[in-house]
Amino acid sequence: MSLLIFLIIIAVASATAAYVRLPLLASTVILALILIVWHLTSHASALSTSLAWGLFLAVAIPLNVTSLRRQLFSNHILPIFRKLMPPISRTEQEALDAGTVWWDGELFSGAPDWNKLLSVRTTRLTTEEQAFLDGPVEELCRLLDDWDITHHRLDLPPSVWQFIKDSGFFGMIIPREYGGKQFSAQMHSCVVSKIASRSITAAVTVMVPNSLGPAELLLHYGTEDQRKYYLPRLARGEEVPCFALTGPEAGSDAGAMPDTGVVCRGLFQGEEITGIRLNWEKRYITLGPVATVLGLAFKLYDPEHLIGKQEDLGITCALIPTSTPGVEIGSRHFPLNSAFMNGPNSGKDVFIPLDWIIGGPAHAGQGWRMLMESLAAGRSISLPALSTGAGKLASRATGAYARIRRQFKLPIGYFGGVEEALARIAGNTYVMEATRTLTASAVDLGEKPSVISAIAKYNLTERMRLVVNDAMDVQGGSGICMGPRNFLARAYQSIPISITVEGANILTRSMITYGQGAIRCHPYVLKEMRAAGHDDLQRARIEFDHALFGHLGFGFSNAIRALLLGLSNSRLAQAPVPGPERRYYQHLTRLSAALALSSDIAMMTLGGSLKRLEKLSGRLADVLSQMYLASATLKRFEEDGCHQADLPLLRWGCEDALYRAQCALDGLLKNFPSRPAAWLLRVLIFPLGRPFSPPGDALGHQVAELILAPSPARDRLTRGIHLPTDLSEPLGRLDDALTKVVRAEIVEAKLRNGVQNRILPKASGEALIKEALKYNFITPEEIAILQQADLARRDVITVDSFAPAELIPKISRG
């Protein structure tokens, strides 16, 4: 065997071992066997053989003998790593420790196991849940008049408030033993999504008590006495809850919270007790103006050491009846004309018992961890569901409008520019529903997906913005004229609210999605950080060595996988299904290797400064986000039964995600501070150039067609929203008119053929119909079809107008 052949075999074997991720010892044995074969079959000199064996053993022995490896390498690297490791604040550490890693860990692995994803059973609604969705939820939707709510009352009617309370909407997540519904996260999400298609105000009112609020915190951390007292009252609607976290000086930076509680002695209901004296100022608190019980986050101090040795106990959460002396609450904010209850509250020298701390005194100082874990679940459900409901409404209603509305004698949906917007509306909605469903199922599996919830919240609210903006462009004048006929304007107005709350999107993208994702989802980084933080030096050295060399092997494997998958256009990757979606699984596997490799190079070259380079970390977050959205899209297609009619939606969603991820990687490489590292990454990730393109025009045409006419595919895309049959409702009118217009188009085509074949004289409108009837070219029944369609079309395109006095809001609770 010649030396060249031997080197080629060594290179191929090493690359193969790295690609399939063989353990270090197994790889070493394989290389040793190759070396033995070369030694026995080659005519190399004794010197060459000795040098080859010497080099092999010099590398193999230190790498495989861990005690020697630690002495030579990792024990010396550990102190350097400790110095380079970025400082982590207490709140950051608690955020890192909160929640769980789920499918996001697989996406960060460089080799995701797609069978794990496909084996996850999406939560199905129980008979009881479906009955509630078809009964009380539908009834609530019928009771809602959004124009009356948002223009005249600036509030829900008292009868609607009472219906929400009496029907148990505030107790959806509360267990049955406490009088609640004990619904699944999927059901909670479905309820919010359906109500959001009818009224954003009502959706927010229902979703807040069931997400980040006192009930969620009590369920996981409350004492049994707290649960027994509050949960039944919350479930019955006797208590209206809110939770106060954000203040003037502390939004995203909870560590800057100036709100304080001091442990001290004081009088409570005439008795001297050890309690907490609170001072706070909060704002943007949803349901605050009508709340009867206030969840409050504050920093707790114990200067007299009345409950322990520690003075600064940290962020703590307590439940406070709003009737407590010193609590100021009731005034309202008015966020972009939205009518849901939101406002500031404050307290001065409010004295409360220690057992009002959620979980009792034992949970003092654990508030931030409690909030982060609860937010991971709540953020997975509420805003993704609301955003998806808006997307479905836009898809169904604006798609119908684009077929009904005509210009230049054609439905406007047939024009290329409008068709482009319709494709984005339908494609984004398909992806949003897929992401909503998968994320809620993760919560039902017991996960608290802190990173995935951030991905879902950020991306679905952003896509809601895109969908509603496109829908407004298509609706034109009918979209901007406010009134009972306008189904879109209030959703358009509320978009910035969703973008802002539960973590502003700008910070969610860069600080949570990647800031937490790079550490939590990476298989070795958190292990290295924890090992480096050990006080026991011997334990630190052992654990750090294991994590460090695992990390090095992981990085080398991803470099090889990224290169080989790039050279093969992803064809070396395995896919779990043989159908047309197979290539998308392969491409996502390639992106997984690229993301893991890019992250390792970024953390290695930039160190702690990556935390501050938010433009770079934001792009890495985009790659992870798009991979998750594409994963959810593929999962949905399989769960729905792989309908061929839905294939354009699947293709659009995946191709859009792949292209966006590619753009994010390209932007990362163009702006990477270390140019040699950027060049190396580009060679490994894009060895043959950038392979992905955005969805093409032909595909966009297929997607847009799906929402321009009634069909099972259109119904699947928009299932789960409220579908009124009353023709006084905007969506009811649109669905009715769409059916009539499509049916009338057959008669219209018949008339056009008559004119073209000179059977009928050239004419239009009523004149043509009269001529056709005169020649018995169409029947009276066909004339009725045309007339009904024309009346329905005119009704749809009519917009509201008002006498000046009618525009004055009539604020009333009667």
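What to note about this one:
- Of all residues in region 144-159, one or more are closer than 20 Å to Gly732 by Cβ and open to solvent by 50 Å² or more (accessible area, probe 1.4 Å).
- The residues of region 504-523 that are open to solvent by less than 40 Å² (accessible area, probe 1.4 Å) and either more than 21 Å from Ala547 (Cα to Cα) or in a helix (DSSP H, G or I) (or both), listed by number, are Ala504, Asn505, Thr508, Ser510, Ile512, Thr513, Tyr514, Gly517, Ala518, Ile519, Arg520.
- On inspection, Ser592 does not qualify as farther than 17 Å from Ala18 by Cβ, among the small types (Gly, Ala, Ser) and modelled with pLDDT of 95 or more.
- Pair list, Cβ < 6 Å and 6+ apart or interchain, from region 307-336 residues that are of a type in the set (Gly, Ala, Ser) to residues that are surrounded by 13 or more Cβ atoms within 10 Å (Cβ to Cβ) and assigned to a loop (DSSP other than H, G, I, E, B): Gly314/Gly365
- Just so you know, in region 789-813 the residues that are of a type outside the set (D, E, K, R) and open to solvent by 80 Å² or more (accessible area, probe 1.4 Å) include one that is nearest to Gly476 (Cα to Cα), and it is Ser801.
- Any hit, region 696-703, residues being over 21 Å from Leu563 (Cα atoms) and assigned to a loop (DSSP other than H, G, I, E, B): yes
- Test: residue in region 574-582 that is of a type outside the set (Gly, Ala, Ser), within 21 Å of Leu658 (Cβ to Cβ) and buried (at least 23 other Cβ atoms within 10 Å of the Cβ): no
- Subset of region 301-319 (residues that are open to solvent by less than 10 Å² (accessible area, probe 1.4 Å) and of a type in the set (Val, Ile, Thr)): Thr316
- The listed residues are Ala111, Ala98, and the only one of them that is open to solvent by less than 60 Å² (accessible area, probe 1.4 Å), at pLDDT 90 or above and in contact with a helix residue (DSSP H, G or I) (Cβ under 8 Å, 6 or more places away or on another chain) turns out to be Ala111.
- Meets criteria (farther than 27 Å from Lys611 by Cβ, at pLDDT 90 or above and of a type in the set (A, V, I, L, M)) for Ala573: yes
- Which listed residue is open to solvent by less than 50 Å² (accessible area, probe 1.4 Å), more than 19 Å from Asn342 (Cβ to Cβ) and touching a residue at least 24 places away in the same chain (Cβ under 8 Å), from Gly261, Gly247: Gly261
- For region 179-224, filtering for residues that are under 18 Å from the mean Cα position of the chain (by Cα) and either open to solvent by less than 10 Å² (accessible area, probe 1.4 Å) or hydrophobic (A, V, I, L, M, F, W, C) (or both) leaves 17.
- Looking across region 751-768 at every residue that is touching a residue at least 12 places away in the same chain (Cβ under 8 Å) and among the hydrophobic types (A, V, I, L, M, F, W, C), the one that is most open to solvent (accessible area, probe 1.4 Å) is identified as Ile759.
- Residue in region 268-290 that is farthest from Trp161 (Cα to Cα), counting only those that are open to solvent by less than 10 Å² (accessible area, probe 1.4 Å) and small (Gly, Ala, Ser): Gly275
- Residues located in region 479-499, provided they are of a type in the set (A, V, I, L, M) and surrounded by fewer than 18 Cβ atoms within 10 Å (Cβ to Cβ): Ile480
- Residue within region 359-374 that is open to solvent by less than 10 Å² (accessible area, probe 1.4 Å), basic (Lys, Arg) and touching a helix residue (DSSP H, G or I) at 6+ places or on another chain (Cβ under 7 Å) present: no
- Among the residues making up region 320-339, a single one is open to solvent by less than 10 Å² (accessible area, probe 1.4 Å) and either among the basic types (Lys, Arg) or in contact with a strand residue (DSSP E or B) (Cβ under 9 Å, 6 or more places away or on another chain) (or both): Ile320.
- Whenever a residue of region 8-24 is touching a residue at least 24 places away in the same chain (Cβ under 8 Å) and within 17 Å of Ala111 (Cβ to Cβ), its partners that are open to solvent by 80 Å² or more (accessible area, probe 1.4 Å) and aromatic (Phe, Trp, Tyr), lying with C-beta atoms within less than 7 angstrom and at least six residues away or across chains, give the pairs Ala18/Phe556.
- The residues listed here are Leu567, Leu597, Leu610; of these, the one that is surrounded by fewer than 19 Cβ atoms within 10 Å (Cβ to Cβ) and either of a type in the set (Phe, Trp, Tyr) or over 23 Å from the mean Cα position of the chain (by Cα) (or both) is Leu567.
- Looking at region 87-206, the helices (runs of 4 or more DSSP H) lying wholly inside it that each contain 1 or more residues that are farther than 30 Å from Cys521 by Cβ sit at 127-132, 138-143, 158-166, 185-196.
- Answer residue from region 160-172, given it is open to solvent by 20 Å² or more (accessible area, probe 1.4 Å) and among the hydrophobic types (A, V, I, L, M, F, W, C) and is nearest to Pro209 (Cα to Cα) among those: Trp161
- In the set (1) within 22 Å of Leu706 (Cβ to Cβ); (2) open to solvent by 10 Å² or more (accessible area, probe 1.4 Å), Thr388 fails one condition alone, (2).
- Checklist (1) under 28 Å from Glu502 (Cβ atoms); (2) open to solvent by 30 Å² or more (accessible area, probe 1.4 Å); (3) touching a residue at least 40 places away in the same chain (Cβ under 8 Å) applied to Val293, failing item: (2)
- Any hit, region 28-44, residues being open to solvent by less than 80 Å² (accessible area, probe 1.4 Å) and in a loop (DSSP other than H, G, I, E, B): yes
- Tabulated pairs, region 30-58, first more than 19 Å from Ser14 (Cα to Cα), second not in a helix (DSSP H, G or I), C-beta under 6 angstrom, 6+ apart or interchain: Thr41/Met1; Ser42/Met1
The values are calculated or read from the model by the stated rules, or taken from the named source; none is laboratory data. This is a predicted model, so every value here is computed, not measured. Because the Cβ atoms are built from the backbone with ideal geometry, glycine has one as well, and the counts that use them run over all protein chains shown. Heavy atoms of the whole protein, side chains included, go into the accessibility calculation; ligands, DNA and RNA do not. Shrake-Rupley method; radii C 1.70, N 1.55, O 1.52, S 1.80 Å.
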